[in-house]
Structure formats: structure tokens, C-alpha cells
Amino acid sequence: CLLNFLGADFRFASYVHNHMVLQKEPAGAVIWGYGISGATVTVTLCQDQETIMKKETSVKAHSNSWMVILDPMKPGGSYEVMAQQTLGRMNFTLRVHDVLFGDVWLCSGQSNMQMTVSQIFNATSELSNTAAYQSVRILSVSLVQAQQELEDLAEVDLQWSKPTAKNLGHGNFQYMSAVCWLFGRYLYDTLQYPIGLIASSWGGTPIEAWSSGRSLKACGVPSSLLTLVHFMDFRFIPSDFVTGPSEYSVLWNAMIHPLHNMTLKGVIWYQGEANINLNRDLYNCTFPALIEDWRETFHRGSQGQTERFFPFGFVQLSSYLSATSDDKFPQIRWHQTADFGYVPNLRMPNTFMAVAMDLGDRNSPFGSIHTRDKQTVAYRLHLGARAVAYGEKKLIFQGPLPEKIELLADKGLLNLTYSQQIHVQRQDDKTFEISCCENRQCKWLPALMNTFSTQTLALNISSCHDTLVAVRYAWATWPCEYKQCPLYHPTSTLPAPPFIALITNQIPGNHSKVAK
């Protein structure tokens with residue numbers, strides 16, 4: 001009996017499993033698990049019966065855990081990982097096979113990240129397109145909450161697997177995340193080496209649930225008791241936005257922290273809808289703070305193997321058919337960039353963003369907030385990854401933003417000079433607006449697009465007879481129909497992101513509380 005007990009206590013961490021992808025060079029992959037305090041654990045990496053390397057460690061007394069860091073490996077495979085626990089004269093051996101080395105990406109957020117491949121456009125053909133992608137491996141974390149930080153996952157919905165139609169389309173909002181899968185597929189097309197994808201998302205969840213207490217405290221987020229009172233009263237929180245766990249840190253504790261020992265390449269994130277009515281004004285702090293805290297925790301947990309400032313990509317909120325005409329969605333979009341309007345920026349280094357406001361889906365059976373075109377979302381996201389995470393030079397990964405704004409009052413024009421070439425897809429009189437002030441009373445008025453060239457655009461501001469203080473673009477919950485926003489980059493077809501700017505300082509991104 002004692003023998004069985006000692007053997008039962010020896011195991012790999014929940015996500016060290018057959019078919020897994022481990023992070024390739026220049027980092028060393030972490031392998032860890034649990035064992036008997038004081039025992040010796042030897043981890044061996046083999047290929048075709050040949051030993052590639054051996055690492056030895058001992059089981060720590062307080063946590064009963066063990067960890068080794070493998071030497072950096074070139075991408076490829078497959079390999080076998082063997083762990084042997086020795087205590088006195090007793091030996092126990094664990095094995096996982098078909099292990100690949102490549103890049104490991106963690107995908108997190110709420111329901112737009114959770115939407116599976118079976119819920120998107122052309123689902124049937126997407127589900128069957130797996131033969132060429134057997135080196136893109138997938139893992140889906142179970143929906144679990146915890147009051148304290150867990151060291152290992154309590155449960156896994158889909159253990160490391162090769163992609164199949166069944167595990168890519170296993171029910172609505174289950175697994176596998178479509179954005180995660182398509183992002184990995186696009187990366188594989190470019191990189192041609194293994195990609196590991198870990199989906200850990202939960203629909204209808206605010207950023208506070210995914211944040212550690214440390215990062216919430218750093219942003220002065222009000223105590224959760226207050227919030228829970230608000231959640232009881234749906235005059236404050238429309239139930240269609242917050243449908244999942246909203247208690248602070250519960251998903252960080254159970255669905256993110258348990259992964260912090262692993263060596264990662266980067267993270268992609270799609271969240272924000274659930275903060276429309278919850279601490280919206282703090283999102284420009286809570287989101288950069290979450291990124292910083294995740295980076296620090298994963299770097300420390302992996303003994304410095306995960307880069308301290310690993311690349312972090314995210315999707316800016318798409319569109320939503322709302323009964324009200326407030327500007328809460330545009331505010332979150334702006335706050336997602338820490339009020340700069342673009343990334344990377346000083347507060348959000350090594351980040352990349354996919355703009356999605358032009359992908360509105362009026363007829364989505366899952367509600368207009370759940371756009372079915374996840375292919376374009378993932379494609380735009382992978383462009384950012386190629387530029388920011390993989391250092392691809394001269395690759396355009398975001399749409400045009402104005403770099404200079406000039407008021408030509410005598411001509412009744414506001415001149416915008418863009419950082420890149422612009423393609424004016426259509427002219428309208430509502431996507432651009434100007435803030436016109438009289439006696440400190442300001443109102444937003446539509447500004448007609450007047451003339452344009454390859455990099456400049458003039459707005460007719462004759463509707464403002466008083467002081468012109470600000471300009472904004474696409475500042476609406478639903479700024480345009482599908483792929484029909486006014487401005488795009490001519491060759492990359494990337495939409496110009498939304499922005500708001502004071503006229504006086506003529507640089508977008510300096511102010512977010514203009515003409516409220």
C-alpha cells in the first residue's frame with residue numbers, strides 16, 4: 001500500500017501531457033510536477049530511444065513540487081519526456097510522448113475569445129481544414145473559479161490534442177476558441193514550425209476577474225463588496241454584458257496563475273465588453289496593469305525563461321447594435337490603448353492590437369456583439385504578432401492615424417495629415433465629428449469630409465461658429481457597416497483606428513475626456 005501511495009503522489013503538472021508543445025529556443029522549457037518531499041526526480045528528453053538531455057532535481061519540502069528547465073531546443077519533434085522519481089530503493093516513472101518544440105501562445109478573455117470554430121463564418125470548411133496543421137496543438141482550460149491562487153489547474157476541458165473537427169467545434173462557447181485557433185494557424189503558415197495554443201477564457205467576465213489583487217490595488221479599483229452591490233441591481237449592469245463570474249481575481253486565481261510556471265512566447269486577449277458599465281473609467285489603468293502583472297508573474301514563475309516583456313496582443317472591441325446612443329463602447333476602445341489610440345506605446349510596450357470595429361455582424365445568431373468573422377480578427381492579430389513578436393520589418397500591422405492636425409480657420413477646414421497612406425473607401429458626414437464650444441458648453445457636430453490626397457484629409461468645419469476644441473473619428477458603438485468604414489490603409493486593408501484629439505495640442509492620444 002505504501003508503495004502505491006508513494007507512486008500516486010508522483011505526477012506531472014496537469015498540462016504536461018502527450019501531444020504538448022514546449023517553448024523552443026532561445027528560452028528553456030519548464031517541466032514540473034509533484035512528488036514525495038526529498039525524493040530525487042530525473043527528467044530525460046528522448047528521441048527515437050536516444051537520450052537528448054537529462055536534468056536532475058529534488059522535490060521541495062513545503063510545496064511537494066519539482067521543476068526542471070530544459071536546455072533551449074530548436075523547433076520540431078517529436079520527442080518523449082520521461083520523469084523518474086527515486087526515493088531510497090523505490091523508483092517511479094512517468095512518460096509523455098509526441099512532444100513538439102515551438103512557440104506557445106496563451107489566449108484569454110471573454111465570450112468573443114471563447115466562441116468556437118463551429119460558430120464562425122464558413123464553419124464547415126474551417127473545421128475540416130486540419131490536415132495541414134497537425135503541428136498546431138490545442139489545449140482548453142476548464143471554467144473554474146478560486147478564492148486563492150492555485151498552483152496547478154483544477155481541471156482541463158480539452159487536454160493537449162492534435163486538431164480535429166470534433167475538438168475545434170465542440171459546442172457553442174466551449175472549445176476550441178476560434179480566434180486562438182485561427183491566430184495559431186496564420187502563424188504556422190508564416191513560421192512553418194509547431195505552435196501550442198492554450199485557451200483559457202470565460203464569457204461575460206470583467207477584467208477584474210482576470211486580474212490579481214496586486215494589479216487592482218495599483219489602479220485603485222473600489223472594493224469588490226461595493227461592486228457586488230451594483231451587480232445585484234441590474235439598473236447599473238445590463239445582464240447581457242456581465243453573465244460570467246465578476247468577483248475580483250477568481251479567474252486569475254484558477255485559470256491563469258496555474259499556468260505561470262510554463263515558458264510562453266506570448267498572450268492574446270479579447271475582452272472589454274463586460275466593463276462597459278463596470279469600472280469603465282479605470283480600464284485605461286486596469287488593462288495595462290493586467291499586462292504588466294501577467295508579464296511579471298510568468299517571468300518569475302518560469303525562472304526567467306518567459307520574457308519579462310513578452311508580446312501581448314489584443315482585439316479592440318468590435319461593434320454592437322445598441323438601443324442607446326452613448327459612447328461607452330468607444331471609451332473602452334480608447335482605454336484599451338491606455339488613451340493613446342495606438343499600440344505599442346509608452347504605457348503598453350511590446351503590445352499589438354487588431355481593430356475590429358468594422359466587423360459588425362447584424363445577423364449573428366449569437367447576438368450582434370458576437371461577430372462571426374473571426375478570420376479577419378485573427379488575421380489582423382497575426383499581422384501585429386509578426387511585426388511586434390517576430391520583428392518582421394516593414395510589415396504594416398495597423399491602420400492610419402493622424403500625426404498632425406491643423407486648423408485652417410480662414411478656409412473653414414481642419415486638415416489631418418496621416419502617418420501612412422490612406423484609402424478613402426467612402427465619404428460620409430457622420431464618422432468624423434468636431435467638438436464646438438460656446439461659453440464652456442460643448443457639443444459634438446458632424447464634420448463633412450471635404451478633400452483628400454494620399455496622406456491628408458480636410459474636414460469641413462463650417463458647422464462650428466464658435467470655438468473648435470476637439471476632433472474624433474468613428475466614436476460610436478456601431479461606427480460603420482461590415483468593412484465599410486471611411487478610412488483604410490490602401491494595401492493592407494487595415495481600418496484606421498478610432499481616435500479623439502484636442503485641436504490645441506494637435507496630437508491624437510493626449511486627451512480622452514474632451515467635450516463630455
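Odds and ends about this structure:
- Identity of the residue in the stretch 402-418, of a type in the set (A, V, I, L, M) and open to solvent by less than 20 Å² (accessible area, probe 1.4 Å), that ends up farthest from residue 469 (Cα to Cα): 416
- Among the conditions (1) part of a loop (DSSP other than H, G, I, E, B); (2) crowded, with 20+ Cβ neighbours inside 10 Å; (3) at pLDDT 95 or above, the only one that residue 471 does not satisfy is (1).
- Considering 179, 96, 104, the condition of being within 24 Å of the chain's Cα centre (by Cα) and under 30 Å from residue 62 (Cα atoms) is satisfied by 104 alone.
- There is at least one residue in the stretch 308-317 that is in the same structural domain as residue 125 (by the TED database), open to solvent by 10 Å² or more (accessible area, probe 1.4 Å) and modelled with pLDDT of 95 or more.
- For the stretch 144-163, a residue qualifies if it is open to solvent by 60 Å² or more (accessible area, probe 1.4 Å) and outside any strand (DSSP E or B), and the qualifying residues are 145, 147, 148, 149, 151, 154, 155, 162.
- Residues of the stretch 247-277 satisfying the condition of being of a type in the set (A, V, I, L, M, F, W, C), open to solvent by 10 Å² or more (accessible area, probe 1.4 Å) and without any contact (Cβ under 8 Å) to a residue 60 or more places away in the chain: none
- In the stretch 149-181, the residue that is nearest to residue 376 (Cα to Cα) out of those that are of a type in the set (S, T, N, Q) and in contact (Cβ under 8 Å) with a residue 40 or more places away in the chain is 177.
- Candidates 456, 451: the one that is at pLDDT 95 or above, assigned by the TED database to the domain that holds residue 495, open to solvent by 40 Å² or more (accessible area, probe 1.4 Å) and not basic (Lys, Arg) is 456.
- Here residue 443 does not fit the description of being outside the structural domain of residue 117 (by the TED database), touching a strand residue (DSSP E or B) at 6+ places or on another chain (Cβ under 7 Å) and in a loop (DSSP other than H, G, I, E, B).
- Every residue from the stretch 281-293 that is in contact with a helix residue (DSSP H, G or I) (Cβ under 7 Å, 6 or more places away or on another chain) and open to solvent by less than 10 Å² (accessible area, probe 1.4 Å): 283, 286, 287, 290
- Selection count, the stretch 232-244, where residues are closer than 26 Å to residue 155 by Cβ and either modelled with pLDDT of 95 or more or surrounded by fewer than 18 Cβ atoms within 10 Å (Cβ to Cβ) (or both): 1
- Identification of strands (runs of 3 or more DSSP E) wholly contained in the stretch 333-433 with 2 or more residues that are under 24 Å from residue 117 (Cβ atoms) yields 351-354.
- Residues in the stretch 238-275 that are polar (S, T, N, Q) and farther than 15 Å from residue 201 by Cα: 239, 261, 263, 275.
- Residue in the stretch 174-186 that is touching a Phe, Trp or Tyr at 6+ places or on another chain (Cβ under 8 Å) and open to solvent by 10 Å² or more (accessible area, probe 1.4 Å) present: yes
- Of all the residues in the stretch 205-225, those that are open to solvent by 50 Å² or more (accessible area, probe 1.4 Å) and free of Cβ contacts under 8 Å to residues at least 40 places away in the same chain number 3.
- Given (1) under 19 Å from residue 342 (Cβ atoms); (2) modelled with pLDDT of 95 or more, index of the condition residue 394 fails: (2)
The values are calculated or read from the model by the stated rules, or taken from the named source; none is laboratory data. All values derive from a computational prediction rather than experimental measurement. Note: ideal-geometry Cβ built from the backbone for every residue, glycine included; neighbour counts use all protein chains shown. With ligands, DNA and RNA removed, areas are computed over all heavy atoms of the protein, side chains included. Shrake-Rupley method; radii C 1.70, N 1.55, O 1.52, S 1.80 Å.
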